[in-house]
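Working notes, beginning with the structure itself.
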DNA sequence: TCAGATTCTGACAACGATGTCACGATTTGG
DNA sequence: CCAAATCGTGACATCGTTGTCAGAATCTGA
């Protein structure tokens, strides 16, 4: 028994097609046709249906429709980033959202805190919800667990970090080139004593940046084995402590490269604390808000998270629209922005 | 006809309960019982079902279940903020997400760019998707359009800005008190010539901050009519230009209050540009990354977006769990953080 | 004018799951 | 040892919607 007739007036229950059909005096299928703009409905009938729908404030249930419909799209996208509370991720997110809204698609976002286990859980949660596609800043070293889903045809695109163990698209910054560019910039000012402050060694991007930086030094004839390489710095505090130790050591660097924005913040604090910020060069990877207002201004290798996000989202939609081209690896170049801190010459010169 | 029997091996189609039931040699209802941990299934049967489910990599479709299930929850939440690419919103988002994951709920986020029309569209899009609740930094002046949805029992909680035209919960910063506190802080240093740089007058929070600041000045006997109040500054560039005009004018302020973080950034730039950053006091509303590394350090009235987000999310879940208490307006206090710029005494003293 | 095409409409099954109920097999208790 | 309660299981209707098909009404053209 259906309660269609009862409490029709002030009913707070959500109206369905059957309510609309009853009010308009037609069959549900006709309501369906009108609501979906299918052809072959008499104008007079359509008007009655629309009036009824409006009167009841009817909103079709997309999940019910999906169940029956052939294409089976939820018009939903999953985005997995290190943390939504993080400027880089925020910019990626915004770019993804902008592309998604154009396609009438809503975005689920989830923070991973660079924890592989959270990644697995979050991906599973999104797939259970049947997202149409996934954009993923992976935190794990191997993503073979995505294989069954990829075989089912779900588009997955990696941003910022590249996949391992699965064959799919990736959109990444030129980490190697950007870090090399930073090294060259410092070398050109005559520096010979460097320090490298790195993010978690488990992150592929961190390893690329390290390699880019060190290889450029090597090319310039710097004995790389002597360069202090401090890694696994994931927050400002750890980075600060690491740099303080170097500054207080026997042979402090004249030029510092910090491989990520939180690390850069820690490095800035350490330099201030020792009053070395005007005579020690610093280049950070990734741009930072207010970098131009510091004294000296902060020189950075800026990434372009908006481009990463936009391109990744466009790839997802291309795949959803049947683009079957083989997996691509799209590299977005970086931009060195000189603001002062990277142009400081070696002290004692 | 169902294709249950065909291509069972390397099938890439998503398996359903029927596939599992067939493989386990039981009825779908039994699979349902096992998957949902319902009682009264023989251990041996349960094992067979679980084996089959695992073999097929079966994942239940929550949308289909929802259709029939009584509680009708999508385990989904909609969050609407000014822009996901904005540190304040990012912090709110992260806090909301943390509460949501504890409840097994995923979060849709959408950026409004403070555009009322986008708000309407985004809210409609989320409601069509049947989110269980809505957390909203409204961009519109009146939200009566939410009335029907509220009557249906959908929990809606406002963050950062208060509702108008609807009766529902809100979690906001103490905008009035925070701005007043900033005024008192500056007055205590002996300032008499102030300037107020404000956000869009259409935003309620902006009006509260303005009122808080000016009333505190008034209490102190400052002729408020003479205080330049520049409003509708929504980005750094406009704020910069506005403050430059004041600084170049006949009677420049000795103390500036900027009512929002983008405005603060513009104000900082203007002060730098005129070389007035060491003799003009500045207090900003809302904290800013790296504020401690500027020279002088930036004094701010910090909000606590993590608290706003967390409390808002907790209210949503309380309501979902049947909390029927009347609408609350929860005020989160602000914290003045003195870092230097706000402690500059009036020049010429 | 009438056969055939076209337009409009609705009955019914189906999507993938769960709620209800009924039935046979076991267990319990007096 | 038998009636009653409990356990294990499956058939069937149902959630809100759309795909299929068929039938009635209208239109077309010779």
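Taken together, the values in this text are just the output of simple stated rules run on the coordinates, not laboratory data. This is a predicted model, so every value here is computed, not measured. Quick reminder, even Gly has a Cβ in these numbers, built from the backbone with ideal geometry, and neighbours come from all protein chains shown.
In the protein assembly as shown, helices alone account for a calculated mean residue ellipticity at 222 nm of -12500 deg cm²/dmol, with every DSSP H run of four or more residues adding -39,500 (n - 2.57).
As a proxy for reagent exposure, ranking A:138, A:168, B:141 by other Cβ atoms within 10 Å from fewest up yields B:141, A:168, A:138.
Using a ≥ b ≥ c from the Cα gyration tensor of segment A:167-277 (square roots of the eigenvalues), is it rounded, prolate or oblate, where a/c under 1.5 gives rounded and otherwise the larger of a/b and b/c decides, a/b for prolate? The shape class here is oblate. Between copies, the label points at residue B:192 (set 7 angstrom from Cα along Cα-to-Cβ) are spaced 6.1 nm, reported in nanometres from shortest to longest. Inter-copy label distances for residue A:229: 6.0 nm (label point placed 7 Å from Cα along Cα→Cβ; shortest first). Sorted from nearest, the other copies put their residue A:74 label points 1.0 nm away, the label point being 7 Å from Cα in the direction of Cβ. The distance from the alpha carbon centre of segment A:55-118 to that of segment A:131-209 is 23 Å, rounded to a whole number.
If R0 is taken as 45 Å, the Cβ-Cβ distance between residue A:347 and residue B:328 corresponds to a FRET efficiency of 0.15. Orientation-averaged projection of chain A equals 23.4 nm² [convex hull of Cα atoms, one quarter of hull surface area]. Footprinting exposure proxy ranking of A:265, B:331, fewest other C-beta atoms within 10 angstrom first, gives B:331, A:265. Residue by residue along B:288-298, Cβ atoms of other protein chains within 10 Å of the local Cβ number 5 on average. At q = 0.10 Å⁻¹, work out log10 I(q)/I(0) for segment A:36-159 with the Debye formula, treating every Cα as an identical point scatterer and leaving solvent out; two decimals please. Per q value, in the given order, log10 I(q)/I(0) is -0.44. Put in line by how crowded their Cβ is, counting other Cβ atoms within 10 Å and starting with the fewest, B:14, A:245 read A:245, B:14. Against chain B, whose longest principal axis comes from its Cα atoms, helix B:236-248 is set at around 10 degrees. Only Cα pairs under 8 Å and 6+ residues apart enter the sum, and on that basis the relative contact order of segment A:17-60 stands at 44 percent. Length gained on full extension, residue B:36 to residue B:202: 54.8 nm, using 0.36 nm per residue less the C-alpha separation. With a ≥ b ≥ c taken as the square roots of the eigenvalues of the C-alpha gyration tensor of the protein assembly as shown, please select rounded if a/c is under 1.5 and otherwise prolate if a/b is larger than b/c or oblate if it is not? Verdict is oblate for the protein assembly as shown. Taking all Cα pairs closer than 8 Å and separated by 6 or more residues, the relative contact order of chain A comes to 16 percent.
The value given for segment A:17-60 is a Kirkwood hydrodynamic radius of 9.8 Å, derived from the mean inverse Cα-Cα separation. Rounded to the nearest 10 degrees, what's the angle between the helix B:175-188 long axis and the longest principal axis of chain B, both from Cα atoms, 0 to 90? The angle comes out at about 30 degrees. Label-to-label distance, residue A:237 versus residue B:164, with points set 7 angstrom from Cα along the beta-carbon direction: 4.4 nm.
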